[in-house]
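What follows is a single structure, written as structure tokens, with notes after it.
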Amino acid sequence: MALIRNAGIEPTVIEYLKTPPDRETLIELLKRMRIGPRALLREKGTPYHELDLAADHWSDDQLIDHMLAHPILINRPVVVTAAGVRLCRPSEVVLEILPAAQKGAVTKEDGEQVVDERGQRMS
């Protein structure tokens, strides 16, 4: 969020646990991210292990069914801009799709500086 706001953009936040995507939207997001459902699965703090979702036998459709039944399984944040859609983990992935430059320094919560005072991405 800080990187988006630092580019002068106020994001629209969709609380996916309160308003989960429908099947069509989830499939479209996956398509635009160019990833399969398995790459969007969240493990920590979810029923991932209880449902044995690491098993190879689950089809993409079945994994999507699980995400729709348990939205907490959808990893986040997913950011949508005119330039693309990305699962922004790590958070600096968002820089690939922001339509505006950074306006100043940004430091992550853990203290890692992501953008310097000139708005340049740190290596």
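Please determine whether any residue of region 79-86 is more than 23 Å from G119 (Cα to Cα) and out of contact with any Gly (no Cβ under 8 Å at 6 or more places or on another chain).
For region 79-86, residues more than 23 Å from G119 (Cα to Cα) and out of contact with any Gly (no Cβ under 8 Å at 6 or more places or on another chain): absent.
Give the residue that is nearest to L40 (Cα to Cα), with candidates limited to residues of region 103-123 that are aliphatic (A, V, I, L, M) and assigned to a loop (DSSP other than H, G, I, E, B).
Here the answer is M122.
Considering only residues that are among the hydrophobic types (A, V, I, L, M, F, W, C) and not in a loop (DSSP other than H, G, I, E, B), look in region 15-51 and name the one that is nearest to D61 (Cα to Cα).
The residue in question is I27.
Are there any pairs with C-beta distances below 7 angstrom linking a residue in region 73-92 that is more than 18 Å from R38 (Cα to Cα) to a residue that is part of a loop (DSSP other than H, G, I, E, B) and of a type in the set (K, R), with the two at least 6 apart or on different chains, and if so which?
Pairs found: S91/K108.
Might you let me know whether region 28-42 holds any residue that is of a type in the set (D, E) and either touching a Cys at 6+ places or on another chain (Cβ under 6 Å) or farther than 20 Å from I97 by Cα (or both)?
No, region 28-42 contains no residue that is of a type in the set (D, E) and either touching a Cys at 6+ places or on another chain (Cβ under 6 Å) or farther than 20 Å from I97 by Cα (or both).
In region 71-123, which residues are within 21 Å of Y16 (Cβ to Cβ) and among the β-branched types (V, I, T)?
Correct list: I72, I74, V78, V79, V80, T81, V85, V93, V94, I97.
Could you list all residues from region 62-102 that are exposed (fewer than 15 other Cβ atoms within 10 Å of the Cβ) and in a helix (DSSP H, G or I)?
Q62, D65, A69, V93, E96
In region 1-26, which residue that is of a type in the set (S, T, N, Q) and closer than 18 Å to A83 by Cβ is nearest to the chain's Cα centre (by Cα)?
For region 1-26, the residue satisfying everything is T12.
Run down D61, D110 and say which single residue is out of contact with any Leu (no Cβ under 8 Å at 6 or more places or on another chain) and at pLDDT 95 or above.
D61
For region 22-61, name all the residues that are surrounded by 11 or more Cβ atoms within 10 Å (Cβ to Cβ), in contact (Cβ under 8 Å) with a residue 12 or more places away in the chain and small (G, A, S).
G36, A39
The values are calculated or read from the model by the stated rules, or taken from the named source; none is laboratory data. Quantities reported herein were computed from a predicted structural model and do not represent experimental measurements. Heads up, the Cβs are rebuilt from the backbone with ideal geometry, glycines too, and the neighbour counts pull from every protein chain shown.
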